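The values are calculated or read from the model by the stated rules, or taken from the named source; none is laboratory data. Everything numeric in this text was worked out from a predicted model, so none of it was measured. All Cβ positions, glycine included, derive from the backbone under ideal geometry; neighbour counts span all protein chains shown.
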Amino acid sequence: MRIERELRNALAAQTIVPYYQPLVSMAENRIIGFEALARWQSEELGVIAPGVFIPIAEECGLIGELGDQLLRRACMDAATWTADIKLAFNISPVQLRNASLGLRILNILENTGFDPHRLEIEITESALVDNLEVAQRVIDQLRQTGIRIALDDFGTGYATLRQLQTLHLDKIKIDRSFVDRVSGDNESMVIVRAILGLASGLGLITTAEGIEDAEQLAYLKANGCTEGQGYLFGKAMPAQETLALLKRPL
Ligand code: G
Ligand code: G
Ligand code: MN
Ligand code: NA
């Protein structure tokens, strides 16, 4: 397959790189971190979206190597930020099936000298369904070192409320599909408020994804959402643009 061959070339040349989307504190109204989002511009094929190449990397058995490469790069990029700015990094369910994932992440942190307290690992609900036992073990191993664990795309998958209670998570990220409809759609507003109430009752931090306007932001903030992300604050950008953004007020 053409795209698989290009993917192997890109891994060898390290041309798939993380971009960074700002993560904002609602209370402080400032950037407190960035989520790394993989970007690939292939010379042969043009821009390929992560929604396309991540699943292919998983199928070809390349996701482990790609993930390691991206995390290493992200830790080096994040080293240029001040120590109060954290890095959020996505892990796919396929990666979480591998019990050695925890050790590999810790190795990368050690080799790059990146403080585990500044790292937040995002996992999706389907990772829990796949293999809960391994997932739980990796999560516990990472949390022991100070890494925080976020449940990504919450509300779209199959995480049970029981799992929210027992999995030792730090944060849930409310899926963009709910936030999208927060202005106007009454049911989405009810759902978002319920998720925020549940999360705060369980002592979990909340991030709302996909915030695009002030109305959505106001509703989320009023209902106790802790952090936000979305085009209102900024799209994913190359590493070299993050520094300038950190220097100016929101
Ligand atoms: O950046 P964008 O919204 O197009 O990302 C699409 C999807 O790809 C998201 O679900 C995101 O979590 C996933 N994704 C982006 N970067 C990475 C990455 O580095 N590793 C993994 N496993 N998934 C990623
Ligand atoms: O699944 P995950 O949350 O990791 O991926 C986030 C995806 O959502 C990225 O592909 C990112 O480009 C996209 N995204 C982030 N903020 C917004 C937003 O405000 N609006 C829209 N439409 N997409 C967004
Ligand atoms: Mn994510
Ligand atoms: Na998400």
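Side notes on the structure shown:
- Among the candidates 8, 72, residue that is farther than 23 Å from residue 245 by Cβ and among the basic types (Lys, Arg): 8
Yes or no, residue by residue, for (1) assigned to a helix (DSSP H, G or I); (2) of a type in the set (Gly, Ala, Ser):
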position: 64; (1), (2): yes, yes
position: 68; (1), (2): yes, no
position: 77; (1), (2): yes, no
position: 80; (1), (2): no, no
position: 89; (1), (2): no, no
position: 104; (1), (2): yes, no
position: 107; (1), (2): yes, no
position: 110; (1), (2): yes, no
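- Residue satisfying all of: in segment 124-152; in contact with a Leu (Cβ under 6 Å, 6 or more places away or on another chain) and within 15 Å of ligand 4 (Cβ to nearest atom); farthest from residue 164 (Cα to Cα) among these: 127
- Residues located in segment 156-182, provided they are part of a helix (DSSP H, G or I) and either farther than 21 Å from residue 51 by Cβ or free of Cβ contacts under 8 Å to residues at least 12 places away in the same chain (or both): 161, 162, 163, 164, 165, 166
- Evaluation of residue 41 against (1) free of Cβ contacts under 8 Å to residues at least 12 places away in the same chain; (2) in a strand (DSSP E or B); (3) more than 23 Å from residue 122 (Cβ to Cβ) (one fails), failing number: (1)
- In segment 1-25, the residues that are on the phi > 0 side of the Ramachandran plot reach residues that are of a type in the set (Lys, Arg) with C-beta atoms within less than 9 angstrom, at least six apart or across chains, in these pairs: 14/73.
- Residue list for segment 205-245, filter: under 19 Å from the mean Cα position of the chain (by Cα), hydrophobic (A, V, I, L, M, F, W, C) and either surrounded by fewer than 19 Cβ atoms within 10 Å (Cβ to Cβ) or within 16 Å of ligand 1 (Cβ to nearest atom) (or both): 205, 208, 211, 232, 233, 236, 237, 239
- Residue check: residue 227 meets all listed conditions (1) farther than 20 Å from residue 29 by Cβ; (2) touching a residue at least 24 places away in the same chain (Cβ under 8 Å) but one, namely (1).
- Criterion violated by residue 15 - all others in (1) out of contact with any Gly (no Cβ under 7 Å at 6 or more places or on another chain); (2) within 23 Å of residue 87 (Cβ to Cβ); (3) buried (at least 17 other Cβ atoms within 10 Å of the Cβ) satisfied: (3)
- On the stretch given as segment 93-119, residues that are modelled with pLDDT under 95, crowded, with 22+ Cβ neighbours inside 10 Å and of a type in the set (Gly, Ala, Ser) total 0.
- Matching entry among 194, 199, 127 (being more than 21 Å from residue 81 (Cβ to Cβ), of a type outside the set (Phe, Trp, Tyr), within 16 Å of ligand 1 (Cβ to nearest atom) and out of contact with any Asp or Glu (no Cβ under 6 Å at 6 or more places or on another chain)): 127
- Residues within segment 120-155 that are at pLDDT 90 or above and assigned to a loop (DSSP other than H, G, I, E, B), tallied: 3
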